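The values are calculated or read from the model by the stated rules, or taken from the named source; none is laboratory data. Keep in mind that what you see is a predicted model, and the values were worked out from it rather than measured. All Cβ positions, glycine included, derive from the backbone under ideal geometry; neighbour counts span all protein chains shown.
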Amino acid sequence: MATVCLIVYASLYPFAEWRNQGISPLNFLTAPLPRYWTGFDVGVNLAGYAPLGFLLALAALRSGRLRWAVSVAVLSAAALSLSLEALQSYLPSRVPSNVDFALNSAGAWLGACSAWLLEKAGAIARWSRVRARWFVRDARGALVLLALWPVALLFPASVPLGLGQVIERLEHWLAEILADTPFLEWLPVRDIELQPLVPGAEVICVALGALIPCLLAYGVVRTWPQRAFFLVAALATGIVLTALSAALSYGPAHAWAWLDLPVQVGLIMGGVLALLLLPVPRRASAALLLVALCLHLSLLNQAPVGPYFAETLQIWEQGRFVRFNGLVQWLGWLWPFAALVYVLVRLSVRKAAEAVESKIEA
């Protein structure tokens, strides 16, 4: 469901100025092939539907429908792509394309075939055994968040690894919605403008940004050597994905321009803290994660976005990254809040389970 929602958002963004052109929304199927296309567009259309095809086929395989798993997955994904391409004919900022439809279907087919081949090779069963050996039983929510964290890092952040900087944008968005209404006066007004983070605060933000996924993994990973593996993997992933985001935004020559002294100190501090916390129990890891998330969001949202960063966002939101925008922008904004909700629910459920167990023992 989450994959479908992301695809829908990416396909129909920015959901503005809907209009009826008086033509069939399926006319794009018989339209001439586009004269101009890029490898970037081809890759995005293939990659966008491959996970959906994989997951749909995997669900069909687990339900026992081995014979029709690939067909069901491809037809379902193709139906979704056809519907979204048809809806794009009502959006002035989007252009429906028969090539996009074909590439989306091909991407779903590649994903579905991958799931079928992995199932035939026994890789899915082996993954289930590995999962049971590495993770606790109720680790699904944390694993989903850990899988989405690298994707969220692709959207440029004003502070490296600083996900969840939404306050300033939220204020502007509410002001636009409530413009020319008496409710505009209800919005809180700051006495002073947001000030850029001082180097010390930036160090703390980067350190917490590196520590948060480690603590999230510590809550579901069974042993401390496995936690150490996740520590190294999380730091490496954060550095590589931040560099990739900078390369996509500013060009390959500037891929490492963000790695200045405060960021380096923050990464080292976050790695050291994560290393010291390796033996911490899972419940304590969840409690520390809650504290780290609150402190991180508090510090990060006290800083402004900045003019240069705003220009970078325009490249993503209005330029060739518009297809990526729907997939990663909301992840970059909301991932920490989703992690916050997850850890709160996890702590409350565990506390309730412990209370029930104590009553039974009594």
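Which pairs have Cβ atoms under 8 Å, sit 6 or more apart or on different chains, and link a residue in segment 246-272 that is of a type in the set (Val, Ile, Thr) and at pLDDT 90 or above to one that is crowded, with 17+ Cβ neighbours inside 10 Å and not in a helix (DSSP H, G or I)?
Going by the 8 Å Cβ cut-off, the qualifying pairs are 263/160.
Tell me the residue from 185, 168, 202 that is among the charged types (D, E, K, R), in a helix (DSSP H, G or I), at pLDDT below 85 and surrounded by 15 or more Cβ atoms within 10 Å (Cβ to Cβ), please. Before you say what the answer is, go through the steps one by one.
Working: 185 fails: surrounded by 15 or more Cβ atoms within 10 Å (Cβ to Cβ); 202 fails: at pLDDT below 85.
From the options 185, 168, 202, the qualifying one is 168.
Which residue out of 342, 308 is assigned by TED's automatic domain parsing to the domain that holds residue 150, of a type outside the set (D, E, K, R) and at pLDDT below 70? Before you say what the answer is, go through the steps one by one.
On the way: 342 fails: at pLDDT below 70.
Residue meeting the stated conditions: 308.
Here is a list of conditions, (1) at pLDDT below 75; (2) in contact with an Asp or Glu (Cβ under 9 Å, 6 or more places away or on another chain), and residue 33 meets all of them except one; can you say which number that is?
That leaves (2) as the condition not met.
Using the structure shown, decide if residue 207 is of a type outside the set (Lys, Arg), modelled with pLDDT under 95 and assigned to a helix (DSSP H, G or I).
Numbers: of a type outside the set (Lys, Arg): yes; modelled with pLDDT under 95: no; assigned to a helix (DSSP H, G or I): yes.
It is false that residue 207 is of a type outside the set (Lys, Arg), modelled with pLDDT under 95 and assigned to a helix (DSSP H, G or I).
For segment 240-272, how many residues meet the condition of being farther than 15 Å from residue 156 by Cβ and crowded, with 18+ Cβ neighbours inside 10 Å?
Residues flagged as farther than 15 Å from residue 156 by Cβ and crowded, with 18+ Cβ neighbours inside 10 Å within segment 240-272 amount to 5.
Condition check ((1) small (Gly, Ala, Ser); (2) in contact with a Leu (Cβ under 7 Å, 6 or more places away or on another chain)) across all residues:
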site: 42; (1), (2): no, yes
site: 45; (1), (2): no, yes
site: 50; (1), (2): yes, yes
site: 58; (1), (2): no, no
site: 63; (1), (2): yes, no
site: 70; (1), (2): no, no
site: 73; (1), (2): yes, yes
site: 79; (1), (2): yes, no
site: 82; (1), (2): no, no
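Would you check if there is a residue in segment 121-135 being assigned to a loop (DSSP other than H, G, I, E, B), within 22 Å of the chain's Cα centre (by Cα) and more than 29 Å from residue 250 (Cα to Cα)?
Taking segment 121-135 first, the residues assigned to a loop (DSSP other than H, G, I, E, B) are 121-122.
Adding the requirement that they be within 22 Å of the chain's Cα centre (by Cα) leaves none.
No, segment 121-135 has no match at all.
Here is a yes/no grid of residues against (1) modelled with pLDDT under 80; (2) within 21 Å of residue 83 (Cβ to Cβ); (3) among the small types (Gly, Ala, Ser):
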site: 15; (1), (2), (3): yes, yes, no
site: 19; (1), (2), (3): no, yes, no
site: 25; (1), (2), (3): no, yes, no
site: 47; (1), (2), (3): no, yes, yes
site: 64; (1), (2), (3): yes, no, yes
site: 72; (1), (2), (3): no, yes, no
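If you check every pair at least six apart or on different chains, which have Cβ atoms under 8 Å apart with a residue in segment 135-163 that is closer than 17 Å to residue 296 by Cα first and a residue that is among the polar types (S, T, N, Q) and part of a loop (DSSP other than H, G, I, E, B) second?
Close Cβ pairs (under 8 Å, with a partner that is among the polar types (S, T, N, Q) and part of a loop (DSSP other than H, G, I, E, B)) amount to 157/165; 158/165; 159/165.
Pairs please, first residue from segment 4-19 and assigned to a loop (DSSP other than H, G, I, E, B), second anywhere and at pLDDT below 75 and of a type in the set (Val, Ile, Thr), Cβ atoms under 8 Å, 6+ apart in sequence or on different chains.
If the second residue must be at pLDDT below 75 and of a type in the set (Val, Ile, Thr), the pairs left are 13/322.
Residue by residue, here is whether (1) of a type in the set (S, T, N, Q); (2) farther than 22 Å from residue 76 by Cα; (3) in contact with a Leu (Cβ under 9 Å, 6 or more places away or on another chain); (4) modelled with pLDDT under 85 holds:
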| position | (1), (2), (3), (4) |
| --- | --- |
| 92 | no, yes, no, yes |
| 96 | no, no, yes, yes |
| 103 | no, no, yes, no |
| 106 | no, no, yes, no |
| 111 | no, no, yes, no |
| 117 | no, no, no, no |
| 122 | no, yes, no, yes |
| 127 | no, yes, yes, yes |
| 133 | no, yes, no, yes |
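Looking at 83, 128 in this structure, which one is surrounded by fewer than 19 Cβ atoms within 10 Å (Cβ to Cβ), of a type in the set (S, T, N, Q) and closer than 30 Å to residue 225 by Cα?
On the way: 83 fails: closer than 30 Å to residue 225 by Cα.
Testing whether each residue is surrounded by fewer than 19 Cβ atoms within 10 Å (Cβ to Cβ), of a type in the set (S, T, N, Q) and closer than 30 Å to residue 225 by Cα leaves just 128.
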